[in-house]
1. Students often check this: by mean Cβ neighbours within 10 Å, which of 108-120, 130-142 ranks highest, and how do the rest follow?
2. Under the 0.36 nm per residue contour assumption, what length would be gained going from the current alpha-carbon distance of Ala158 and Ser117 to full extension?
3. Quick one: go through the stretch 136-180 and flag any residue whose amide nitrogen is under 19 Å from the point 7 Å out along the Cα-to-Cβ line of Phe65.
4. Under the Kirkwood approximation for Rh and a Cα-based Rg, what ratio Rg/Rh is obtained for the stretch 41-175?
5. Let me know the charge dipole size of the stretch 28-165 about its Cα centre in debye, to the nearest 20, where only the beta-carbon of Lys, Arg (+1) and Asp, Glu (-1) is charged.
6. If I model a spin label as a point 7 Å beyond the Cα along the Cα-Cβ vector, how far apart are those points for Ala135 and Val79 in nm?
Amino acid sequence: MKRELVLIVAVNAQGLPRGAITTARQGLPQRALGFTTVSMVFILVVLAALAAALASISQRQQLGFASEMAASRAYQAAVAGLEWGTFQMLRTSDASGNPPACFGSTNLTFAGAAALSDFTVTVQCSRTPSSGFVADGATNIVFYQLTATACNLPSGGACPNSSSTQGSYVERQLSRSLAR
């Protein structure tokens, strides 16, 4: 009589013999594996939200810095406009040596200055009195009021641009009083 040996091996869901354990599952019950997966997904979602928040903060900071730089340049352009107007009023006199009349509204651009090339300055002048002098004892005085408005998006080549709705629009207005 021949004897046959039959070996019956029970197999788990992965096709491995019962009792064979993979290294990832070694020592962990089935419930612990589900909890670990949920925890990992939660941590990934939190890290993604943190990364999105940091990117948003960084973008706002860069836009704020760009706005501050544009505002600083607009201020410098307005100062340059006031200096130009002051020079015009203090250097000239009419033929009889009297202080000059005001110049008309003048638009200046800064083609040669790379940092200010985006800006236009409109300089305006008003004179008190419009002709003649104001007597202060034996001294005759003329008063000038200069206003310089600098902007980066002029309307018709002049500042201010009251119709601009762009977020990048920057404007600075400075004034100066002169007596001569």
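The numbers here are math on the coordinates, done by the rules we state, and not lab data. Here the structure is a predicted model, which is why all the values come from computation and not from measurement. Heads up, the Cβs are rebuilt from the backbone with ideal geometry, glycines too, and the neighbour counts pull from every protein chain shown.
1. So the order, starting with the most tightly packed, is 108-120, 130-142.
2. Residue separation times 0.36 nm, minus the Cα-Cα distance, leaves 13.3 nm.
3. Inside the label zone: 168.
4. When Rh is taken as the Kirkwood radius, the ratio is 1.28.
5. Dipole of the stretch 28-165, to the nearest 20 debye: 500 debye.
6. For Ala135 paired with Val79, the spin-label model returns 4.1 nm.
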